[in-house]
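The values are calculated or read from the model by the stated rules, or taken from the named source; none is laboratory data. Not measured: the values here are computed from a predicted model. Neighbour counts run over all protein chains shown; Cβ positions are idealised from the backbone, glycine included. Keep in mind that these areas ignore ligands, DNA and RNA; they rest on the heavy atoms of the full protein, side chains included. Shrake-Rupley method; radii C 1.70, N 1.55, O 1.52, S 1.80 Å.
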Amino acid sequence: MESTLSQRLHGLCARVLRRYEHRPFVLCLAGLYGCQWRRYERRGAQPGDCCCNKLEGVSFALLVAAFCLTLVFLYFWGQAQNDYNDFDWFNFGNLGFWFPWSVVLLVIAAGFFTYVTVLMLLAVCLLSEGQKLYLHWTHKIGILVSLTFAIAATAVLSDLWSQEWTTLLLSFQVTAPFLHVGGVLLMTALAWPVALHVFRMNSRVRRALIVAVYLIFLFALCLVPLGLYSPCIKEEGTLGPAPAIIGHRGAPMLAPENTLMSFEKAVDAGSDGLETDVTISLDGVPFLMHDRTLRRTTNVQEVFPNRTNTPAAMFTWSELESLNAGAWFLSHNPFGTAGSLAAEDQQRASNQSVCSLQAFLQLAAQTHKLVIFDLYRPPRGHPYRDSWIQRTLEVIQNESSILSSQVLWLPSDLRALVQEIDPDLQQTSGSWLPVEVLQSNHIVKLNLHYSSMSTDLISEYTAVNITVNLYVISQPWLYSLAWCTGVHSVTTNAPQLLSNRGSPLFLMSPDDYKLMWILTDLVSLVLIVIIFFFHRWRERGLAFSSDSKITLDNSIYSKFKTEMSDIWSVSSSNSHAERTPNVATVTEQ
């Protein structure tokens, strides 16, 4: 009985010590990675050999760099999705025609990342099989193109749109705990090919260098949570109410921006307030228009072809009423949502006209919504150049039924005069200012870009009854971060999406986060230690049994190798002849 058990254990140990050659699998890997469909046998790494020559080592280093940079850019551009609309309209203003450049850039970035990632997986699998790396020249060109794209795109966007790096940093506050788990799992998976080649190397210096680099990255990754901060990691019961929703130019995903239909859609979607932009016509009628000209959101080029670049404020109200302010929404489809509208809504959108401030305020009064707007001073030569504020106040006080307390007054010009004329307006500042300055100017609300998000500052202002509104937040993750940070309201392009959120994304308690962090690190470290010890024991066992004679007999495996065998010198035909479907048996000589 003991002899039988000993034989079984010996047989199990012998099976573990074998190196099995998965010929079809390796053939596929080598074919895809290096186009070596018939030559892969000659690329096996012998014990003590490096996994590649110097040229292939440089190629692999470039592959790793391309993988890292394309990953960074894809993550960066993916998190910038909140501002895609601004990016596309920025290009429209410079190029003169509409095209969804943001989506095209995202698709290209995803394509390059997928290509480089596949090559990385192929390389890691080849290393795990003990194969030498040989990258085909076409893939080397592809890697250089991917690397060039990532560097060039990052440099250009950093120059033209540098504020998006702030968005990237904000995203880490909600995604970092999960990115940390993914990074640790990746390093754990890499332990297998690293350990395999480390213990097959003869050079102690090279072996120590590789292990040192691997351990440095591993322990740095494991300790990342010590310096991580996320407002969405908080004790239960400390989360405040959800930020109120203010429709940015209405609901621009569901209707043409700054039209009456857009604001009605925002009200239907559950918005607590409405945001817009106000300009004054040549004959003194305040109307809603964001751009300096009418070119982007009306058919001015068809109706007044010689006045396409004329400031919107230099048109009379009757001229403005003759323009179509909705057809562009269906033709350009800026958010990719126009096609999802019902036929009735599409028909209505195509017939929208420029909306007056009076009509906008009346809708807000009837639905009991707050309003906030930017007020643009007319250009030189305009008859209301110096009385634009007084004219706007006249509409609020005398030409609409809205209560002054529903209006968040944002313009900073003549603020003291406005406060004196109508003290019930909610004075709102568009910039961070000391608390003393805000209080002396009777300011009760801040309207800031979302990149200004700060838990400490929001808490400081909340303590003196000054609330904070952030613009423009349309992505659920960014809204969730604002919620966790304590923001009171947000301006959004997607009120129909954010108003239905019951809780923030990524919300967890500190205890849950510590448990996730510690368990992930411990399990990873245990697995890595096991992998390294397994390869160390296996390599020593193979060296010890290098004088053993191996015979084949009924194995479910097609072939196996020992460290000292010279299988790579055997021809392909002889290798095939030696293979039999019998069960393998091992006899010690």
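Observations, loosely collected:
- Members of the stretch 420-448 that are free of Cβ contacts under 8 Å to residues at least 60 places away in the same chain and under 30 Å from Q81 (Cα atoms): T428, S429, G430, S431, W432, L433, K445, L446, L448
- Every residue from the stretch 357-381 that is open to solvent by 50 Å² or more (accessible area, probe 1.4 Å), among the hydrophobic types (A, V, I, L, M, F, W, C) and under 17 Å from W317 (Cβ atoms): none
- Which numbered condition Q46 misses (of (1) assigned to a helix (DSSP H, G or I); (2) modelled with pLDDT under 80; (3) polar (S, T, N, Q)): (1)
- Verdict on F149 being crowded, with 18+ Cβ neighbours inside 10 Å, out of contact with any Leu (no Cβ under 6 Å at 6 or more places or on another chain) and either at positive phi or in a helix (DSSP H, G or I) (or both): yes
- Count - residues of the stretch 344-356 that are free of Cβ contacts under 8 Å to residues at least 40 places away in the same chain and either in contact with a Ser or Thr (Cβ under 6 Å, 6 or more places away or on another chain) or surrounded by 15 or more Cβ atoms within 10 Å (Cβ to Cβ) (or both): 2
- Some residue of the stretch 61-83 being assigned to a helix (DSSP H, G or I), within 19 Å of L160 (Cα to Cα), modelled with pLDDT of 90 or more and small (G, A, S): yes
- Output for the stretch 400-431, where each listed residue is open to solvent by less than 80 Å² (accessible area, probe 1.4 Å), in a loop (DSSP other than H, G, I, E, B) and of a type in the set (A, V, I, L, M): I402, L410, L425
- Sub-6 Å Cβ pairs linking a first residue in the stretch 363-390 that is within 28 Å of T491 (Cα to Cα) to a second residue that is among the charged types (D, E, K, R) and open to solvent by 10 Å² or more (accessible area, probe 1.4 Å), at least 6 apart or interchain, are I372/E275; P378/R385; W388/R377, ordered by first then second residue.
- Comparison of Q352, Q366 shows that the only residue that is among the polar types (S, T, N, Q) and in a loop (DSSP other than H, G, I, E, B) is Q352.
- Flag if L135 is modelled with pLDDT under 95, buried (at least 19 other Cβ atoms within 10 Å of the Cβ), in contact with a Lys or Arg (Cβ under 9 Å, 6 or more places away or on another chain) and not β-branched (V, I, T): no
- Count of the stretch 187-208 residues which are surrounded by 13 or more Cβ atoms within 10 Å (Cβ to Cβ) and either at pLDDT 90 or above or part of a helix (DSSP H, G or I) (or both): 14
- Among residues that are in contact with a Pro (Cβ under 8 Å, 6 or more places away or on another chain) and of a type in the set (V, I, T), V145 is not included.
- For the stretch 382-398, the set of residues classified as open to solvent by 70 Å² or more (accessible area, probe 1.4 Å) and in a loop (DSSP other than H, G, I, E, B) consists of P383, D386, listed by residue number.
- Residue within the stretch 85-103 that is under 30 Å from S203 (Cβ atoms) and not aromatic (F, W, Y) present: no
- Selected residue (only one of L215, L260, L239 is closer than 24 Å to Y376 by Cα and open to solvent by 40 Å² or more (accessible area, probe 1.4 Å)): L260
- Residue under evaluation F263, criteria (1) modelled with pLDDT of 90 or more; (2) under 26 Å from the mean Cα position of the chain (by Cα), criterion not met: (2)
- Residue within the stretch 226-235 that is in a helix (DSSP H, G or I) and either open to solvent by 10 Å² or more (accessible area, probe 1.4 Å) or free of Cβ contacts under 8 Å to residues at least 40 places away in the same chain (or both) present: yes
- Residue check for L341: closer than 25 Å to S102 by Cα and either open to solvent by 10 Å² or more (accessible area, probe 1.4 Å) or not hydroxyl-bearing (S, T, Y) (or both): yes
- Any hit, the stretch 171-179, residues being touching a strand residue (DSSP E or B) at 6+ places or on another chain (Cβ under 8 Å) and either surrounded by 12 or more Cβ atoms within 10 Å (Cβ to Cβ) or not in a helix (DSSP H, G or I) (or both): yes
- Among the residues listed as V300, V285, the single one being β-branched (V, I, T) and crowded, with 24+ Cβ neighbours inside 10 Å: V300
- Residue list for the stretch 303-336, filter: surrounded by fewer than 22 Cβ atoms within 10 Å (Cβ to Cβ), outside any helix (DSSP H, G or I), at pLDDT 95 or above and of a type in the set (A, V, I, L, M, F, W, C): F304, L323
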